[in-house]
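The values are calculated or read from the model by the stated rules, or taken from the named source; none is laboratory data. As the structure is a computational prediction, the values presented were derived from the model and not from experiment. Every residue, glycine among them, receives a Cβ derived from its backbone with ideal geometry; neighbour counts consider all protein chains shown. Keep in mind that these areas ignore ligands, DNA and RNA; they rest on the heavy atoms of the full protein, side chains included. Shrake-Rupley method; radii C 1.70, N 1.55, O 1.52, S 1.80 Å.
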Amino acid sequence: MIDENHLFPAEPAQRQIARELYQHAKDLPLISPHGHVDPVLLADDQPFPDPARLFVVPDHYVTRMLASQGIPPARLGVPSIDGSAVETDGRAIWRLLAENWKLFRGTPSRLWTEKVLSGVFGLTKPLNGQNADEIYDELSARLAEPEFRPRALFTRFNIEVLATTESPLDELHAHAKLAADGWGGPGGRVITTFRPDNLVDPDWPGWAERVAQLGELTGLDVGTYPGFLNALRSRRAAFIEAGATSSDHGHLTAATLLLGDADAAVLYRKALGGGAGAAGAEAFRAHMLVEFAKMSLEDGLVMQLHPGSVRNHNEALYQRHGRDVGGDIPSATDYVHALKPLLDAYGTDPRLRIVLYTLDETVFTRELAPLAGGYPSLYLGAPWWFLDSPEGLRRFRETATETAGFYNTSGFVDDTRAFCSIPARHDVARRIDAGFLARLVAEHRLPLDEAAETIADLAYHLPKRVFRLEKNS
């Protein structure tokens, strides 16, 4: 289904250069420093249940597109929180996808899926409504084979590092099981990432109850602000013990605020009592980003900041299916003014490392690239979520490189829950970078040998260094 020259430039001379550059990156191990694969998948190493639950049910890109055309998530097997019925027949879900496959023309979802079907499972027929059952049966047969269980695929995918993402309230049992098994794949490892959003957002329903759980888990008094901070430090230490090298922060805005200890304690008490209000909740989130930067100075975790998503915008979807099921929408985001309090305090400290992401492309040239090019603590993260398409990856290189260069960026992150799509997503990024670098070579702006070194750095060496996945990084 996939031509060997896909995503390379159409112009013949540039295409040939891109093919040559791609050879320097295509077989490098995969570094996946930010993603949402469930570690239980690898800890238990059970066969995938069926094609629908591998390709459709957990994939928000797929389910939101189908929902946009009137196919409710319940018919796609997406679990409901109210106990209402959802489709459980994997074959019926798969048929719905196949019958509506035309909806994905030109989308990255189609590209990733076809690359997985051909590259991972060896299928060559294009998916459609007529052959849905045939392809479903072929996939089911392969999923029953030992070679297609999660750990075997991890090894075949040549993954060197896979970072998952967990709440501080997660006791990391799956990671403990992987460690007890001595398993990370030959030459690979699975690590966790510290994601504290649900403990620093007073607007998130159940926040005070989760803070109490944090106290129970750590055995510390979280009724006071210093106790709350110490409990978070305790969980960060546990995550580092489990292999974490970074934290991740998915706030609505990039706002930062430096409060004094007394003011922060007053705000914390108000929030616990439900009296902080919307402005107080935003101030608390903003202040906590600065507190986490201070903690990073102490323990070395790389901070990742993912602002700009209005969560659960689709209220009906949220009420029936809960959070993180495809109902989020990007929003315009300010970084220049929002980050200044944090950067004034710690932006030039060599111990701090922050990777900035955005869902707002308008800020790549105007804000993010100049910031990453001006502060030693900042790195520009790869396009993610709504922007991790071939076109989005190209636009990123075109708009960011002239100001930030290549080496103030962090390398590619796949940011996926769909385990089998990891090699496809990395391959897309490597092909796009090969094409971009080929144009620089063809225009005599970069020697071929430097372009070859650069593509290997972008694919492998940079993410290892930026995310502190190697010694002396």
Next item on the list: Could you name every one of the helices (runs of 4 or more DSSP H) located completely within segment 69-187 that has at least 3 residues being over 30 Å from N314 (Cα atoms)?
Entry: 108-119, 132-143, 150-156, 173-180
Check: within 25 Å of N158 (Cβ to Cβ), touching a Leu at 6+ places or on another chain (Cβ under 8 Å) and open to solvent by 10 Å² or more (accessible area, probe 1.4 Å): does that describe Y375?
Finding: no
Check: What do you reckon, is Q14 outside any loop (DSSP other than H, G, I, E, B) and either over 28 Å from R323 (Cβ atoms) or open to solvent by 40 Å² or more (accessible area, probe 1.4 Å) (or both)?
Finding: yes
Item checked: Meets criteria (among the hydrophobic types (A, V, I, L, M, F, W, C) and either closer than 30 Å to E470 by Cα or part of a helix (DSSP H, G or I) (or both)) for A332 -> no
Next item on the list: Please verify whether segment 219-232 includes one or more residues that are at negative phi, within 25 Å of the chain's Cα centre (by Cα) and surrounded by fewer than 20 Cβ atoms within 10 Å (Cβ to Cβ).
Entry: no
Item checked: Residue that is most open to solvent (accessible area, probe 1.4 Å), among those in segment 199-218 that are of a type in the set (A, V, I, L, M, F, W, C) and within 22 Å of L259 (Cβ to Cβ) -> W204
Next item on the list: Go through (1) open to solvent by 10 Å² or more (accessible area, probe 1.4 Å); (2) closer than 25 Å to D349 by Cβ; (3) not in a helix (DSSP H, G or I) one by one and return the number of the condition R323 breaks.
Entry: (2)
Margin query: On the basis of being touching a strand residue (DSSP E or B) at 6+ places or on another chain (Cβ under 6 Å) and either among the charged types (D, E, K, R) or open to solvent by 50 Å² or more (accessible area, probe 1.4 Å) (or both), does H313 make the cut?
Written below: yes
Checklist line | Condition met for G374 (closer than 20 Å to H249 by Cα, out of contact with any Ser or Thr (no Cβ under 7 Å at 6 or more places or on another chain) and assigned to a loop (DSSP other than H, G, I, E, B)) | finding: no
Next item on the list: Could you list, in sequence order, all residues of segment 344-357 that are touching a helix residue (DSSP H, G or I) at 6+ places or on another chain (Cβ under 8 Å) and not β-branched (V, I, T)?
Entry: A345, Y346, D349, R351, L352, R353, L356
Margin query: Of everything in segment 250-272, what is at pLDDT below 95 and open to solvent by 40 Å² or more (accessible area, probe 1.4 Å)? Give them in sequence order.
Written below: L252
Item checked: Positions within segment 149-175 being open to solvent by less than 20 Å² (accessible area, probe 1.4 Å) and closer than 17 Å to I422 by Cβ, in sequence order -> P150, L153, F154, F157, I159, V161, L162, A163, T164
Check: For segment 18-45, which residues satisfy the criterion of being among the small types (G, A, S), surrounded by fewer than 24 Cβ atoms within 10 Å (Cβ to Cβ) and more than 18 Å from P463 (Cβ to Cβ)?
Finding: A43
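Tally time: how many residues in segment 389-420 are open to solvent by 10 Å² or more (accessible area, probe 1.4 Å) and outside any helix (DSSP H, G or I)?
Number of matching residues: 9.
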Margin query: Just to be sure I understand, how many residues within segment 75-108 are surrounded by fewer than 16 Cβ atoms within 10 Å (Cβ to Cβ), more than 23 Å from P126 (Cα to Cα) and among the aliphatic types (A, V, I, L, M)?
Written below: 2
Check: Taking segment 273-287, which residues are assigned to a helix (DSSP H, G or I) and open to solvent by less than 30 Å² (accessible area, probe 1.4 Å)?
Finding: G280, A281, A283, F284, R285, A286, H287
Note to self: Given the criteria in a helix (DSSP H, G or I), closer than 30 Å to A52 by Cα and open to solvent by 10 Å² or more (accessible area, probe 1.4 Å), does D427 qualify?
What the structure shows: yes
Check: How many residues are assigned to a helix (DSSP H, G or I) and within 30 Å of E138 (Cβ to Cβ) if we restrict to segment 17-49?
Finding: 7
Note to self: Scan segment 17-32 and tell me whether some residue there is at pLDDT 95 or above, under 23 Å from the mean Cα position of the chain (by Cα) and polar (S, T, N, Q).
What the structure shows: yes
Notebook entry, point to check: Restricting attention to segment 176-198, and to residues there that are in contact with a strand residue (DSSP E or B) (Cβ under 7 Å, 6 or more places away or on another chain) and open to solvent by 70 Å² or more (accessible area, probe 1.4 Å), which single residue is modelled with the lowest pLDDT?
Noted result: G187
Notebook entry, point to check: Of everything in segment 49-97 that's out of contact with any Asp or Glu (no Cβ under 9 Å at 6 or more places or on another chain) and among the aromatic types (F, W, Y), which residue is modelled with the highest pLDDT?
Noted result: F55
Checklist line | Failed criterion for E291 (all others in (1) under 28 Å from L380 (Cβ atoms); (2) of a type outside the set (G, A, S); (3) without any contact (Cβ under 8 Å) to a residue 40 or more places away in the chain hold) | finding: (3)
